[in-house]
Amino acid sequence: AYTLAFLYGSAGEEYGGQVNGTPGPFFNSRQTHFWNGFLPEDVRHQLKIRAAYTYKGFNAGCFFRFQTGAPLSHMFFEFTDGAYQNLRGPTGTDPGAKRNDPRAFAEFRLPDVVQLDLRASYDFHALIRQHLILIIDMFNVFNLRTPVAVEQQDLPTYGTASVRQSPFSFQLAARYMY
């Protein structure tokens, strides 16, 4: 499956900024024009591939996923509420060092994510006349540790990874069916 999408607009959700004082296009009227930009769901390319092969009780399969990074916004401190919720450029951008120069704005996105998961299983039914299945799953086979969240607040740690992909892991399982 392949998806190509471009989501650009004025708000990620209809009531953004109206519930519990959360930031959004209607939270601060002086900020409204900055909320016209890349929406949080703007993942341009997404490719998913699933494949499997079965032969005499043996099964092997894989799941591959490639996804381009989602847009983020550089958030600045708002003194009235004491929180980082002001924008100085359209959503999905970083205004750069020249914060009043629109030519310095750049897209601010997470890195692309690639993940490969593998599964192999064997059903012992042909040998013992019972459906006892041994399964091994391997997740993130390439052991990629791509950032999936970064610091968006205007702090000294701005842009550093705060969450990464789960590292390589595997699990063994036995399944009995009667």
Quick one: if you stick a label point 7 Å off each Cα along the C-beta vector at R50 and N143, how many nm between them? 2.9 nm
Only four residue types carry charge here, +1 at the Cβ of Lys and Arg and -1 at the Cβ of Asp and Glu. Report the dipole size of the range 69-173 about the Cα centre in Debye, rounded to the nearest 20. 200 debye
Please give the peptides 30-38, 47-55, 89-97 ranked by average Cβ packing (other Cβ atoms within 10 Å per residue), highest first, as a rough proxy for protection. 89-97, 30-38, 47-55
Area accessible to solvent at Y176, 1.4 Å probe radius, in Å²: 120 Å²
Average accessible area per residue (Å²) across the range 30-178 - probe 1.4 Å, nucleic acids and ligands excluded: 62 Å²
With -39,500 (n - 2.57) per DSSP H segment of 4 or more residues and division by the full residue count of the chain, the 222 nm estimate, nearest 500 deg cm²/dmol, is -500 deg cm²/dmol
Cα pair count fraction exceeding 23 Å, expressed as % - the chain: 57 percent
Put +1 on the Cβ of each Lys and Arg and -1 on the Cβ of each Asp and Glu in the chain; which of F79, P40, M138 then has its Cα farthest toward the positive end of the dipole? M138
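The values are calculated or read from the model by the stated rules, or taken from the named source; none is laboratory data. Since the structure is predicted, the reported quantities are computational estimates derived from the model, not experimental observations. We place every Cβ from the backbone using ideal geometry, glycine too, and count neighbours over all the protein chains shown. SASA here: full protein model, heavy atoms, side chains in, ligands and nucleic acids out. Shrake-Rupley method; radii C 1.70, N 1.55, O 1.52, S 1.80 Å.
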